[in-house]
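Structure record follows, encoded as structure tokens.
The values are calculated or read from the model by the stated rules, or taken from the named source; none is laboratory data. If you're wondering where the values come from, they're calculated on a predicted model, not measured in any experiment. Quick reminder, even Gly has a Cβ in these numbers, built from the backbone with ideal geometry, and neighbours come from all protein chains shown. Heads up: the accessible areas ignore ligands, DNA and RNA and are worked out on the full protein's heavy atoms, side chains in. Shrake-Rupley method; radii C 1.70, N 1.55, O 1.52, S 1.80 Å.
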Amino acid sequence: MPGAPGTLAALYSLEDMRVAAKLVALAEGDVPDVWLGLADFVTPDSPFWVPSNAPGGPLASRWLDSPQAQPGGPSGNGTLEPASCGYLGSSSSGGVVLRSPCSVSKGFLCMSASAVSSPQHAAVAELTGDGLPDLALALRCPWDGGASLIALQQPSPQLQLAPEGDLPLVTPSLSARTCGDGIPVWQREECDMGTATLVCNAACGLEQAFRVQASAREAFISVGAGNISLEHAGVNVNLFGQVRGFRDLADPPGSSLLFPGFSLNTSANGFPQNQPIAVHKSRGLSPGIPFQFRALLSTDLNTRALPDWSKAENETETDPSWSPGGSSCGCSPDNPGGLPQRLSVEQQFGDIAFSWVVGSACEASASITRALLDEVTLQPGPAVTVAQLSIGLACGTLYRPSKTEVDEGIVRDGLQVGRTYRYCVSVASAADANFFLDLANPTSPGRFVSEPTCRDVTIAFAAQISGQVLTRFDTPAPGVRLTARIPGTSHVASTVTDDSGRYALTFQATSPLCDPVLVPEACSSQLVRLVASARTKLRSGRVLLHSFSMRGRPGGAQTLALGHMQVLQNVGIVDESAMPITGTVRWPGSNANAGYAETRGCPIVDARVCAVTARDNSTISCVSSGTDGSFQVVAGVDADGSFEVSTPLYDFDTRNVETRVLQLGLVGGLCEVQRMVSLDSSFPYTALTLPALAYDVQFVGLSDPAPGVSPEAVQTFLAITGSADRFVNLTSPPGSDTATDTMAFVFYAPKEVAVQVCRDIRGALVFCGEATLSNLCVTGTSGDTYAAVYSAFSPPDSALVGKEVVVLKRAAKYKVKITLYEQYGRQRCNDVQGTVLIQDSITGEDTNQCSVAKKGCTLGISLQATTNTSTLLYDLVPGAPNFGAATAYALPLSISAPSAGWPSRSFLLYAIVEGTKTRAGTGYIEVPMPVPLLILRDPPGDRSFARLNSSLSTAVKLSMFSRDQDTCGGLGNPEAVKKALPWPCNYQVTVSLLPCVQ
């Protein structure tokens, strides 16, 4: 808005335009004209350039075909040119749309709405998909009242600046759409991608080119080629597609190759208008499933005859009509590589903290690496592995590794302040999990390993100041506010002393003077200004003044020199104005000296004396009495001086001064997980200095457990297994064969059972865990089947029992991967030795060695060196299907794993077997109830016969009527734009005021 810098003009009427023109004239000395293009976005299928209110009436043909020649050039006084561009005239011309050569420089006004609730008639928005801002004007509420968007024109990206003092002027880039401008003309151009591509030819026609965009569960075939997709077309598009699998991967052999939902009838493979081909149309996919596809593109301007696709089952894999494709391991089609998403790498004082969102459905482990960037080339040097993690989380899960999982220390790992390090995270599947991800060799399985996702971190200067604020009587001074600032930076740290007068100030900042190559000393040290507040405001509003001395020098402020990662301790500050309470703590005397003025009893040593507020009994500060029972405790600010004496502590006297150091700790399982307690990772054991004697050590309790570790579970296990009491003899000299310096209480968590059903194809495990109902069924349709199976078998609803329902094929070869592991808080131990009891009713009785009739079988499980997991592979070849409705057509398999000191964990697997079953001797088949629908008998006589003719005719008539008038509000309403524009809003620039309508 001229005269109001930073304010955009909102034009609601012709009067607004005239007022704006006058303001511009006063501010700039001239009245500008504004470039506009003319468009009608409301008339269905006719979004091409037309005149709306140009002088002289409708000029649709003459406007573009034979425009009048006028002088062109930036100043409008050059050679004659066709007047093919339109502009909105100023108030002097009546505010109507006029014509001018496109080379003339005119103004461009930015306009916006004044309020969301007000009808918006002018805005700057990106509407055409070319990435440039467009000007749009609306007369009335679009669509409902019949009014149209009357103007749309994007300016040229190259600004032609007028002499100083004038408005910036621009030239419109086009006023009539042509092939090659990147904007398809509706129903006249099938596409327009700027230049000829594999998708769009030079005549703006669509090519028969297709690309696959897939995730682990979905796959779409759309118009495109390579990494190029058709973002929006200028015509309605219909796709026909057919998808099949590979004969080598068919299990059992001879099964159909066509994917569920696809047909040999070509016309039955059509998809809704302007929608891609959904490979997963009838059933969710599994990660890494290869397939072949062929597609046909048909448009409103080019309708093609349907080919014959009826021989899809017999055509060879090398047939040129088929193209390779496949599902990926990514959680979404826009992340087919399964990269970790939203990776965050941050410095938190002396550590590096990580977090990311799971982006892969195949991962079982993650690797974090670190590389130093070159200061000149910014290229990473050799990578160092920071951590290897065993994780298997669901898609979209936010994962934050704890310090027990990733311990990246700045000091320990030698990270230099001021230098930039690149941290990369990549994920991979389990060593024995294989997927078909290589489209060049679609039938060759391999392990999934993602590309790394990286973030750069510049190590900032970090330090800490800690100490205690005391009174001049050496008593704690609580409630004192301390502030520290690093000069030259905006970093300020502030804290308040606790009831013992202690404080800690932490800094983490980047200094502008830091140059790790030329001036490394400027990075490794900083000056810090420490200030103690000289004023304290009480609850009553009264302000108390303080006087301090720091490190023996008077004054409440001092500049300290700190080194990088230095923890400056015991910075003494004395509050010279605080007043303490002094006294003594003694035992009561005899009756003879029990009077007020009489001598008291013996002094109480190390009695805890606390000053508390009389208002809410909260503690202000505490001290311990000395050897003579005396104490000095500060009442603090705004306190009433009450105190109380707690139970005294007693010392003990040791005559033998010879000692030993005993490392005492708690570890978990065969993995000897040492981080069961929240201790420093460098010191997982507690060091006890004890007299050199023999000791009976008893586990009493776990007071500071690591995250996720249950103290009650540890104590109960050690008590049940009789391992809570240990004996140790510390009399042996250190270093001798009989010397004991470490004692570990071993806690074994219960053996958890994880079960996955995998396909066994040529000795490789593929599609592990993908046969479950939730994966195979369309989203939201498996709930009834789960409920029916669980209702039929009534499995216990307990955390000790896992359960799952799978869909298997008869005679196919499967491997049931049974994994035992132990969970210690957030840490998983895969080194487990144990047994499992398997009772199998899925495999046929002839070859089933673990059938229920044989009372199952017990198999051992131990750590496998190739996979670093305790896994057992159980061969499973489903037998005949179960036609019993009472059991929901499912067959059970149970797995039980006993654990010493714990209830057994179990897993119940229910399989619905698909296939055929021969039933001889009955003459009819029960499906499912034993009530025949019709009995057709053979009449007597040698040449007699019986015939049954049956037909079914179905007619469906569908109609739908909808009317929506909720579009008032002008361009500020996304619905108006959605209805008015024939193409999607694929781009949006920062000056846009319209939400992007997908």
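One residue stands out in region 865-884 among those that are open to solvent by 60 Å² or more (accessible area, probe 1.4 Å) and in contact (Cβ under 8 Å) with a residue 24 or more places away in the chain: the one that is farthest from Y786 (Cα to Cα), namely T866. Picking from residues in region 478-514 that are open to solvent by less than 40 Å² (accessible area, probe 1.4 Å) and aliphatic (A, V, I, L, M), the one that is farthest from V612 (Cα to Cα) is A509.
The criterion of at least 3 residues that are outside the structural domain of V807 (by the TED database) and buried (at least 18 other Cβ atoms within 10 Å of the Cβ) is met by the following helices (runs of 4 or more DSSP H) wholly inside region 709-793: 711-720.
Checking each residue in region 607-628 for being modelled with pLDDT of 80 or more, open to solvent by less than 60 Å² (accessible area, probe 1.4 Å) and part of a loop (DSSP other than H, G, I, E, B) picks out A607, S625, G626. Find the residue count for region 820-840, including only residues that are in a loop (DSSP other than H, G, I, E, B) and open to solvent by less than 40 Å² (accessible area, probe 1.4 Å). Selection size over region 820-840: 3.
Consider G224 carefully, then state whether it is farther than 17 Å from N302 by Cβ and either part of a loop (DSSP other than H, G, I, E, B) or open to solvent by less than 20 Å² (accessible area, probe 1.4 Å) (or both). So G224 fits the description; yes. Residues of region 238-294 that are open to solvent by less than 40 Å² (accessible area, probe 1.4 Å), closer than 14 Å to P307 by Cβ and of a type in the set (A, V, I, L, M): L239 alone. Confirm whether D300 is over 23 Å from L230 (Cβ atoms) and either of a type in the set (D, E) or open to solvent by less than 10 Å² (accessible area, probe 1.4 Å) (or both). So D300 does not fit the description; no.
Evaluate the following for V806: is it assigned by the TED database to the domain that holds T871, more than 20 Å from P898 (Cβ to Cβ) and assigned to a helix (DSSP H, G or I)? No, not satisfied. May I ask you to verify whether F210 is of a type in the set (F, W, Y) and open to solvent by 40 Å² or more (accessible area, probe 1.4 Å)? Yes, satisfied. Scanning region 488-530 for residues that are of a type in the set (S, T, Y) and outside any loop (DSSP other than H, G, I, E, B) returns S494, T495, Y503, T506, S524, S525.
Quick check on T385: is it surrounded by fewer than 20 Cβ atoms within 10 Å (Cβ to Cβ) and within 23 Å of P520 (Cβ to Cβ)? No; evaluated as a whole, the condition is false for this residue. Being under 27 Å from N441 (Cα atoms) and basic (K, R), is that true of even one residue in region 295-307? No, every residue in region 295-307 fails to be under 27 Å from N441 (Cα atoms) and basic (K, R). In region 251-265, the residues that are not assigned by the TED database to the domain that holds D760 and modelled with pLDDT of 85 or more reach residues that are among the aromatic types (F, W, Y) and assigned to a loop (DSSP other than H, G, I, E, B) with C-beta atoms within less than 7 angstrom, at least six apart or across chains, in these pairs: L264/W309. Annotation: R294 fulfils all but one of (1) basic (K, R); (2) farther than 21 Å from R247 by Cα; (3) in a strand (DSSP E or B); the unmet one is (2).
For region 848-856, the criterion of being closer than 14 Å to I818 by Cβ, assigned to a loop (DSSP other than H, G, I, E, B), open to solvent by less than 20 Å² (accessible area, probe 1.4 Å) and not β-branched (V, I, T) is met by at least one residue.
Table: residues versus (1) out of contact with any Lys or Arg (no Cβ under 7 Å at 6 or more places or on another chain); (2) over 30 Å from V567 (Cα atoms); (3) modelled with pLDDT of 90 or more.
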| site | (1), (2), (3) |
| --- | --- |
| W356 | no, yes, yes |
| S360 | yes, yes, yes |
| T369 | yes, no, yes |
| S390 | no, yes, no |
| L393 | yes, yes, no |
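Any chance region 429-452 includes a residue that's part of a loop (DSSP other than H, G, I, E, B), of a type in the set (F, W, Y) and within 21 Å of A387 (Cβ to Cβ)?
Looking through region 429-452, at least one residue is part of a loop (DSSP other than H, G, I, E, B), of a type in the set (F, W, Y) and within 21 Å of A387 (Cβ to Cβ).
For Q569, the criteria (1) at pLDDT 80 or above; (2) touching a Gly at 6+ places or on another chain (Cβ under 7 Å); (3) open to solvent by less than 70 Å² (accessible area, probe 1.4 Å) hold in every case but one, which is (3). Taken as a whole, the condition of being modelled with pLDDT of 65 or more, open to solvent by less than 70 Å² (accessible area, probe 1.4 Å) and under 40 Å from the mean Cα position of the chain (by Cα) does not apply to L690.
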